[in-house]
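Take a look at the structure below.
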Amino acid sequence: MHAIVTGGASGIGRASALRLGQRLKITIADRDLAGAQKTAEDICASGGSASAVEVDVSHRASVAAMVASARKANGPVTALFANAGINRRAPVDLIREEDWDLMMATHVKGVMLCCQAVLPDMVAGGGGAIVNTSSDFAIMGVAGNATYTSAKTAIYSFTKSIALELAPHKIRVNAIGPGPIDTPLLASGRSSGQHAELKEKFARLLPLGRMGTPEEVAVVVDFLLSEKASYITGQLVHPNGGQLMW
């Protein structure tokens, strides 16, 4: 059994790769090759089997090379955690076209390309499981970050559509919608003071009184990619501390 984790150099991707590495062979893919290699080394040091590969998920050739490298190192792909992401915050009147295009290419196109690339292995193998990273904001929206929320909403719709398409092949497709998780992506573009202020804000607002950790999201990813979730497909599952209830 072999899983590819994109965006596996840090944050939720790294935590998920480390957890999945306890039971699966793992390919860690990221633009940050050194970070991906560090995650792979940590998995191997704990007795698992992992390799690392550099990828830009917004380019088909790069994704194809990633899957070819993963297959060569670890065998056919049976699971995918399509998690790579970036953020560009701006109020709607200041959204730059190049930032919009980059966000859509990385999040939406990237998820589509990764899902396409692993399908041959999963179809030939008689099944598989995919988890895509969406967000609570796919449902809620958020002021000042319409580019990110639009991309995450598109991922949720894409997930539901391909879950219907792939069910006959016994391939389950779900998405996660994390709430406020203390990751490097959350801190990006913010000063240390702004980051601390944001954490305090969420501690006041969230029903559980704190931000989540990448490891708490990794538990959900591991579940959805396992046979324990054998009757779950097309869902957006929210590890969010109660930020969104629906």
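Here's the yes/no breakdown for (1) assigned to a helix (DSSP H, G or I); (2) surrounded by 18 or more Cβ atoms within 10 Å (Cβ to Cβ); (3) among the basic types (Lys, Arg); (4) without any contact (Cβ under 8 Å) to a residue 24 or more places away in the chain:
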site: ALA167; (1), (2), (3), (4): yes, no, no, no
site: ALA175; (1), (2), (3), (4): no, yes, no, no
site: GLU200; (1), (2), (3), (4): yes, no, no, yes
site: VAL221; (1), (2), (3), (4): yes, yes, no, no
site: GLY234; (1), (2), (3), (4): no, no, no, no
site: GLY241; (1), (2), (3), (4): no, yes, no, no
site: MET245; (1), (2), (3), (4): no, no, no, yes
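The combined condition, being farther than 25 Å from VAL220 by Cα and crowded, with 16+ Cβ neighbours inside 10 Å, is fulfilled by ASP99. Scanning the stretch 202-218 for residues that are surrounded by 14 or more Cβ atoms within 10 Å (Cβ to Cβ) and of a type in the set (A, V, I, L, M, F, W, C) turns up PHE202, ALA203, LEU206, MET211, VAL217, ALA218. Got at least one residue in the stretch 76-83 being closer than 16 Å to ALA129 by Cβ, modelled with pLDDT of 95 or more, surrounded by fewer than 23 Cβ atoms within 10 Å (Cβ to Cβ) and in contact with a helix residue (DSSP H, G or I) (Cβ under 7 Å, 6 or more places away or on another chain)? Within the stretch 76-83 (the criterion being closer than 16 Å to ALA129 by Cβ, modelled with pLDDT of 95 or more, surrounded by fewer than 23 Cβ atoms within 10 Å (Cβ to Cβ) and in contact with a helix residue (DSSP H, G or I) (Cβ under 7 Å, 6 or more places away or on another chain)), the answer is yes, since at least one residue qualifies. Selection of the stretch 60-89 for residues being in a strand (DSSP E or B) and within 16 Å of LYS152 (Cα to Cα) yields PHE81, ALA82.
Given the structure, is ALA117 assigned to a loop (DSSP other than H, G, I, E, B), in contact (Cβ under 8 Å) with a residue 40 or more places away in the chain, under 19 Å from ILE155 (Cβ atoms) and in contact with a strand residue (DSSP E or B) (Cβ under 9 Å, 6 or more places away or on another chain)? Judged against the criteria, ALA117 is not a match.
The values are calculated or read from the model by the stated rules, or taken from the named source; none is laboratory data. Given the structure is predicted, the values throughout are model-derived calculations rather than measurements. As a convention, Cβ positions derive from the backbone with ideal geometry for all residues, glycine included, and neighbour counts pool all protein chains shown.
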